[in-house]
1. How far, in nm, would the chain grow between residue 582 and residue 623 when pulled straight, counting 0.36 nm per residue and subtracting the alpha carbon separation?
2. What distance in nm separates the simple spin-label points at residue 63 and residue 28, each placed 7 Å from Cα in the Cβ direction?
3. Using only the alpha-carbon atoms, how far is helix 493-505 inclined from the longest principal axis of the chain? Give it as 0 to 90 degrees, nearest 10.
4. To one decimal place, what Kirkwood hydrodynamic radius in Å is obtained for the stretch 262-382 from all pairs of distinct Cα atoms?
5. In Å and on Cα atoms, what radius of gyration and Dmax does the stretch 1-145 show?
6. What is the stretch 430-584's relative contact order, in percent, from Cα pairs under 8 angstrom and six or more apart in sequence?
7. Using Cα centres only, tell me the gap between the stretch 244-300 and the stretch 168-225 in whole Å.
8. Which of the peptides 358-367, 432-441 is most tightly packed, and how do the rest follow, going by the mean number of other Cβ atoms within 10 Å of each residue?
Ligand code: IVH
């Protein structure tokens, strides 16, 4: 053997050894949670491996830990069909509901069942495929039937082993789990994004989803994503009698399984687990929104089966909305786009349900008086529907001495006009139509996704445009020039052209969007859509009498009166003409005949959906012929219940209105095939 050959053999041996060592340390760190070496020592191993691979490129293999960020950037996330559907879970919110589920389970199988209790981690569900023990593919849950391929991005997650640590790897193993971003990493990421002037993520879940859906895997690699595996989707060449055995196998094979997983023999033990973790939810560095209980015996799971959306052998116990205490630094008021003046509390920042709260609305004067919230008070806060910051009430025993009831200011915080509160009204209003705060909010509303949908136009930009006197009303937006925009702070060539393009694109929009954008009191999207179906233009609307407006379904005297009054005002007429002049044109409305799989149905959406935004869900439902309403009544055909549903869900239950989850909704839209097959 020549010296060169000898060196090569030695390099090959060391490369293999290093890979094995690194995989072992990954395993100790991510799965066993007991690292044996320091981060620096670990980095040294990776560095040595990288160097050897540089000297001997022929030794590089796709499963080398140095190749985690090496996959070619995926141009698009290709849809993949799951080998067996990734189902959703039914929810329980109370002990009684949990026990009732257990009774149903045991009644159906006629036997006692054992249970496995797990944490419900709030992240992104994924399926990882190993062929012959080697990592091959990863996909998101998607709609449960179809997901998106994310192989290169998931490979960058160090907790994902590239090879299973088993002597005889199975022919095929599809593992399911939740990818998440630890809370601390989430906070760090947001700080970093904010310091670069970029949009921050609302919570760790969104951050995890956003990090996974990167075109460039090196961006994903820079986000310290983690993974907990909680089940097997498909397995060829493996057999288990119990879910707990499958989890043990996964852990031995090197896949991270949450150590908080427990076996229980009775539902009261299960409930004890749920209660305990409700208390301990902040003792772990990731967000959990509940616990998941599963029947342990696979034989029983099979007997129980599944509905089209969820297995009968598993249940999610959802924690109630989290409540925290903090102090009220100040109470301030803000003038909105309709002139309504809303009081809000400036809080000592506090983390609640995955977000840091610094403000909470206090609704109106009477509400503050009723709850008696004062500056300096310690208050209980939560996020309504886990989203909107809300003050539950003060903690009277912790009120500082001398704290006085808060008094509503007499003047507008923006333009100093004297505020008015009409007889019988709950709100104070700023009567000044040229109030800067009202104008800014109006412009923001005009450009928002629910109205004219002008991208790249946020508060800061609008405020700068107003300050310079370039924009007073929405029509002015369309006359902005590149020269002007390039003078705005932070506006480079690219941002100027982006914004100009976005504004140009928003010259043609459906009439209803323009109507919503005009900010007429009581005219929301539902009324605007109904009106736009009956009238072809703003001019036509302006010629209509109140009675004619009221002939439109869903338009009552309040809406018709308000719109009519607005349209008659000289300054409104001027604005309409000005919009015409700058080239804003409404797209002709197709007269919609209710057609499609949901024709004639009225539905309500509540809570967050996994596969689309609420706006998209609304649009799809309407496309399918449904009417989307914002309130639940006996006339509602069904309510689509997403993550963390709000009071609409309770109301649906109280009225006995059908509730369905996202995958059933997708099925009714005709988007996915309905197959009921249990996960296995
Ligand atoms: S089991 C058929 N176990 O919750 C059972 N899901 O609402 C399907 N999740 O899409 C899921 N932690 O994203 C299961 N320990 C856990 C979980 C868990 C989080 C998520 C998962 C799933 C959703 C179902």
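Read the figures in this text as sums done on the coordinates, not as results from a lab. Just so you know, these numbers come straight off a predicted model, no measurement behind them. Positions of Cβ are backbone-derived with ideal geometry, glycine not excepted, and every protein chain shown enters the neighbour counts.
1. Working: separation 41, 0.36 × 41 = 14.76 nm, distance 3.11 nm.
Net length gain for the segment: 11.7 nm.
2. 2.1
3. Between the helix axis and the principal axis of the chain, the angle is about 60 degrees.
4. Values: mean 1/r = 0.0557 Å⁻¹.
Mean inverse Cα-Cα distance, inverted, gives 17.9 Å.
5. Cα radius of gyration and Dmax of the stretch 1-145 are 23.1, 77 Å respectively.
6. Details: 152 pairs, mean separation 34.1, N = 155.
Computed over the stretch 430-584, the figure is 22 percent.
7. If you average the Cα positions of each part, the centres end up 23 Å apart.
8. Details: 358-367: 16.8, 432-441: 18.3.
Most protected by this proxy first, the peptides run 432-441, 358-367.
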